[in-house]
Amino acid sequence: MKVALQLYSIRDKVEKDFFGSLKQVKEIGYDGVEFAGYGGIPANEMKAKLDQLGLAVAGSHVSYDDLKQDLEKEVSYAKEIGAYSVVCPWYQADSKEGWLKFFQDLNTFGKRFAQEGILFGYHNHKQEFEKLDGKYIMDLLLEHCDPEYVTAEFDVHWVYKGGESPLEYVKRYAERCRLLHAKEVAKDGESDTEVGDGIIPFPEIIKSLPKLEWLIVEQEGFSIDEWESVRKSCDYLKSI
């Protein structure tokens, strides 16, 4: 199992120095990265830098609008940089019909990425734990999306905030989970903190997911230096 950093965690640093930030991520000890935008860098240049550093691409977060607007562009970029996955990171519909249309689109996207050997998935937030017809939207998504084409990138922080046990919920879908967002919840039950310093039972969750390939650290709020924070999270995950 490999550990990656979602680069949104250090977005200010990435914006100032994209390649310097990638170098620092590698030096900290991460095996790979998950992109949240490419900073306008051409795919061949990105690939060359990743190869030079020895960083793998766990994946890329690509918005629904970008996938809808130019799917082939996103497929091409992901393929050229050697991405293991591409994930739609967020969506909000205002009706059941809107969600059902979205699920259809995810199947379409996923089938196209699968043709290139790239895993496609969806990353939850809190709104997917609202209910439609007595079921969580996340459950409906996984019912309507073909497991051959759409995987679940569970964000355990948001599973907890949605009112579910992260361990028990992700275990239900263990066969669909090859990516996991390791986003911690502090002991106050609200804040972000470094992985291992909060309340999410990561060792038990990891053991429950036999197909898990990538653990992906994400943190948005920091009480210590950002580089020290993401180093602590990496060290903890490597230790277990």
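The values are calculated or read from the model by the stated rules, or taken from the named source; none is laboratory data. All figures in this text were calculated on a predicted structure; none of them were measured in a lab. Using ideal geometry, Cβ is built from the backbone for each residue, glycine included, and neighbour counts are taken over all protein chains shown. Protein only, heavy atoms only, side chains kept; ligands, DNA and RNA dropped before computing areas. Shrake-Rupley method; radii C 1.70, N 1.55, O 1.52, S 1.80 Å.
Amide hydrogen proximity for LEU5: with H placed 1.01 Å from N in the peptide plane, the residues at 5 or more positions away or on another chain lying under 5 Å are GLY32, VAL33, GLU34, VAL217.
Distance between the pseudo-spin-label points of GLN92 and ARG172 (7 Å out from Cα toward the beta carbon): 2.4 nm. Once the Cα-Cα distance is subtracted from the 0.36 nm per residue extended length, the ASP188 to THR108 segment shows a gain of 24.8 nm. Projected onto their three principal axes, the Cα atoms of region 160-203 cover extents of 31, 19, 14 Å, largest first. Taking N as the residue count of region 126-197, its C-alpha radius of gyration divided by 2.2 N^0.38 Å amounts to 1.14. In plain terms, the chain from TYR38 to LYS238 could stretch by 69.3 nm, reckoned as 0.36 nm per residue minus the Cα-Cα distance. Where (1) 36, 19, 15; (2) 26, 21, 19; (3) 26, 23, 15 are the candidate values, the label of the one calculated here for semi-axes √(5λ) of the Cα gyration tensor in Å is (3).
Surface composition of the chain: carbon plus sulfur atoms contribute 46% of the solvent-accessible area (1.4 Å probe, protein chains only, all chains present). Inverting the pair-averaged 1/r between distinct Cα atoms of region 98-240 gives 15.8 Å as its Kirkwood hydrodynamic radius. Based on the Kirkwood approach, the hydrodynamic radius assigned to region 1-127 is 15.2 Å, with every pair of different Cα atoms included.
Taking +1 at the Cβ of each Lys and Arg and -1 at the Cβ of each Asp and Glu, which of GLY29, ASN107, GLN6 sits farthest along the dipole of region 1-124 towards its positive end, judged by Cα position relative to the Cα centre? About the Cα centre, the residue reaching furthest to the positive side is GLY29. Solvent exposure of the chain amounts to 44 Å² per residue of accessible area, where only protein heavy atoms count and the probe is 1.4 Å. Listed cross-link partners LYS79/LYS131; LYS13/LYS47; LYS101/LYS187; LYS16/LYS79; LYS13/LYS207; LYS111/LYS211 are compared with a 28 Å cut-off, the Cα-Cα value being larger for LYS79/LYS131; LYS101/LYS187; LYS13/LYS207. Dividing the alpha-carbon radius of gyration of region 184-240 by the rule-of-thumb value 2.2 N^0.38 Å gives 1.12.
Along its three principal directions, the equivalent ellipsoid of region 81-120 from the Cα gyration tensor extends over semi-axes of 24, 11, 4 Å, largest first.
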